[in-house]
1. Quick one: is Leu401 out of contact with any Cys (no Cβ under 7 Å at 6 or more places or on another chain) and either closer than 22 Å to Gly471 by Cα or assigned to a strand (DSSP E or B) (or both)?
2. Tally up the residues in segment 159-173 that are open to solvent by 20 Å² or more (accessible area, probe 1.4 Å) and either within 18 Å of Gly200 (Cα to Cα) or within 58 Å of the chain's Cα centre (by Cα) (or both), please.
3. Tally the residues that are closer than 13 Å to Ser38 by Cα, open to solvent by 10 Å² or more (accessible area, probe 1.4 Å) and not hydrophobic (A, V, I, L, M, F, W, C), restricting the search to segment 54-71.
4. Would you check if there is a residue in segment 181-199 being surrounded by fewer than 23 Cβ atoms within 10 Å (Cβ to Cβ), assigned to a strand (DSSP E or B) and β-branched (Val, Ile, Thr)?
5. If you scan segment 9-38, which residues turn out to be out of contact with any strand residue (DSSP E or B) (no Cβ under 9 Å at 6 or more places or on another chain) and farther than 18 Å from Gly50 by Cβ?
6. Residues that are open to solvent by 10 Å² or more (accessible area, probe 1.4 Å) and either touching a residue at least 60 places away in the same chain (Cβ under 8 Å) or not β-branched (Val, Ile, Thr) (or both): list the strands (runs of 3 or more DSSP E) wholly contained in segment 286-380 that include at least 3 such residues.
7. Just for segment 439-468: of the residues that are in a strand (DSSP E or B) and under 14 Å from Ser417 (Cβ atoms), which one is most open to solvent (accessible area, probe 1.4 Å)?
8. Within the bounds of segment 275-283, is there any residue that is within 27 Å of Asn371 (Cα to Cα), open to solvent by less than 20 Å² (accessible area, probe 1.4 Å), touching a His at 6+ places or on another chain (Cβ under 7 Å) and in contact (Cβ under 8 Å) with a residue 40 or more places away in the chain?
Amino acid sequence: MDNSFYNQIPQSIGGLRRLETLYLTNNSISGEIPSNLSSCSKLTIVRMAGNRLTGEIPAFLGFLSNLKVLSFYNNSLRGSIPPSLGNLSSLEELALTYNALDGIIPETLGRLINLSIFLAAANAISGTLPVTMFNLFNIRLFDIGENKIQGTLYTDIAITMPYVEFFSVRGNKITGQIPISITNASNLNVLQFNDNRLSGKVPSLEKLDKLSTLQLAVNDLGHGREGDLNFLCTSVNNTKLEFLFISDNNFGGVIPKCVSNFSNTLLRLEIDENKIMGRIPDGIGNLVNLEVLFASENQLSGPIPFEIGRLQKLNKFFAHINFLSGTIPHPIGKLSALTKVGLDFNNLQGNIPPSLGKCQSLLGLTVSYNNLSGPIPPQLLGVSSMSIILDLSSNYLTGELPVAVENLKNLGELYVSQNRLSGLLPKTLGSCVSLEKLYLDGNLFEGPIPSSLSSLRGLQAFDVSNNNLSGEIPEFLVRFRALRYLNLSFNNFEGVIPSGGIFKNASATLIEGNSKLCGGIPELHMLRCNLKTSSSNSLRLKVAIIVVTLGVTLAFTCLLILWFRKKKEKQSTTCVESSLLQLSYQSILRATDGFSTQKLVGSGSFGSVYKGVLEASGAVIAVKVLNLLNRGASRSFLAECEALKNIRHRNLVKVLTAISGLFLYVICAELIAEYGMGKSTKGDVYNFGILLLDMFTGKRLTDEGFKEGLSLHNVAKAALSKRVIDIIDPILLQERVK
């Protein structure tokens, strides 16, 4: 046994006439059982389990009268069990489990009075179970589970198996009720009636004080009323019960308080999918070794007891689809061994306890369809062991999705749908690289889909519908090869719909309710993109560039104009300065004969004007000398220079140069006839009047028309009363008309 034999069993084995024991278990032997094995009449043990044997069980084996063990467990044998095996009166063990046997169980097997082990599970055996099989007095292991056996059991049927330890008829089509007589088998360790069509009441289990496993699940046991679970109290004194499975039946009533008195050896308590009402008893905390508690799909109400925090070894806790109320007790955070918690579809309220963050072995948590409120505790998202599912959907959770979501690097499915979450989607969501399903729909999220989500390449389903998300549809979604469902509908997305990847499958892509989207494949029935729409982003970019460019250009132009103006003014000043004659005080002194009174043309408030002739060029000039000793002379000089610098008029004299001294200022200009020709030497007023006449008439004192005693002053004086219009410069009149 346990070698590496392969190929078929040779026919020559029939020559071993004295062979008593044949062990060929756990090899790779194929082919059929050799027919001449019948020649080995002294065989007592034949073990060929764990091979690849095919064909049928030979009928001749029924003539090996010395056989005590016949084991073909775990092969590929077909056909029916030969009735001839009923002749093996010495047979103690018949193991035929895990083959492809069909037909019925021969009634002749009921004659095997020495049989202690009968294993025929996991085949395709049908028909009814012979009643004679219940009278195998010495049987210890009886297993016909996972077949197609039919028939009806009755409460009063006699089962005479006083030594049976393992009794299983699981996974068949047996109807009727559990026979009361089976409870007389005081040595029973495992009793399996599960996955049949049994109904009615479960008898008292008081005598089964060695029972470790009671499997009654998936039947129609109970009547859906109070008292259905009374049989549980008959097992209270059992100190060995480890597994109690009564799920998926018709049990009603409340959970008896006696459950609190079960042995602390109880490891699994599965009462889900019944009609059980009332509260989970506080005494559940006494089952300190409990590892699994399944109570889902019942009619349980009231709060989850705080005493659940005492179940330090609890690994799985499911109580979904009930009417549980109150808060999730914070002592649940003490259950460090918890791996899976399911509390969906209840009436739980209040906050999700942050203490769940201490359950560092947690693989999955589902609390959807409750009335939970408040924020998602970051502590919960800090459980890095979470790898299967986190479902918080359909509650009233508020606030943002915490950035701590980055800790869920191993999580496969995340659901926060149908809550009141708001704010931006955290960039740290991109750290959840193992996500296959991400549902964020039905919230108040806003802003764009973060580019960091491009790392979620294994996504199969992605739903962000019914939010306030905006921006463009990320192009990276096109590259998600595993994506099979995408829902972006009813948001504020804009721009062009991508045309690659999942966007080529209209049945897998939902995008309705986004009025600013366009394009995509025709099957999406979206508006076609015009130039303005399809290039909205590039247009915005172009506009931004143009605005910035114009702004910079305008600013630069303004600076340039200011610079040019300053430069021009500087150049103008330089030109003016360079155009002035370089006259010395001595040359002016000689030109006016030392400012002789004979050269005096006129005088004013602050100085006098002299006529002079330059020696070098013979040019006739007028020289104005301001006496700085007169009060206000300095100010008058500066004002006059400023006026002559800033005013340009064809009738104004041209300044030739200016000289300053300690007690006087000297200004030289072109000489103009009639300058200071008034009868008073105080000629400033007269001079100003001549200047005004020049400006209004557009004529100069030196014009050729003023000859033979005719002057600008005389012409203006004659026209002053009635002919003023005749002498005014026509240009001034035109400007007035405009």
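1. Details: out of contact with any Cys (no Cβ under 7 Å at 6 or more places or on another chain): yes; either closer than 22 Å to Gly471 by Cα or assigned to a strand (DSSP E or B) (or both): yes.
Answer is yes for this residue.
2. Residues meeting the conditions: 5.
3. Count: 3.
4. yes
5. Initially, segment 9-38 is screened for residues out of contact with any strand residue (DSSP E or B) (no Cβ under 9 Å at 6 or more places or on another chain), giving 10-12, 14-15, 17-19, 26, 35-36, 38.
If the condition is that a residue be out of contact with any strand residue (DSSP E or B) (no Cβ under 9 Å at 6 or more places or on another chain) and farther than 18 Å from Gly50 by Cβ, then Pro10, Gln11, Ser12, Gly14, Gly15, Arg17, Arg18, Leu19, Ser35, Asn36, Ser38 are the ones that fit.
6. Numbers: elements: 292-294, 299-302, 316-318, 340-342, 364-366, 371-375.
Once the strands (runs of 3 or more DSSP E) in segment 286-380 are filtered for at least 3 residues that are open to solvent by 10 Å² or more (accessible area, probe 1.4 Å) and either touching a residue at least 60 places away in the same chain (Cβ under 8 Å) or not β-branched (Val, Ile, Thr) (or both), what remains is 299-302, 371-375.
7. Start the filter on segment 439-468 by keeping residues that are in a strand (DSSP E or B), which leaves 439, 444-447, 461-463, 468.
From what is left, the residues that are under 14 Å from Ser417 (Cβ atoms) are 439, 444-445, 461-463.
Details: Tyr439: 50, Leu444: 90, Phe445: 1, Ala461: 8, Phe462: 2, Asp463: 9 Å².
Residue satisfying both the conditions and the ranking: Leu444.
8. no
The values are calculated or read from the model by the stated rules, or taken from the named source; none is laboratory data. None of the values given here were measured: they were computed from a predicted structure. Backbone-built Cβ (ideal geometry, glycine too); neighbour counts: all protein chains shown. These area figures cover heavy atoms from the full protein model, side chains too; ligands, DNA and RNA do not enter into them. Shrake-Rupley method; radii C 1.70, N 1.55, O 1.52, S 1.80 Å.
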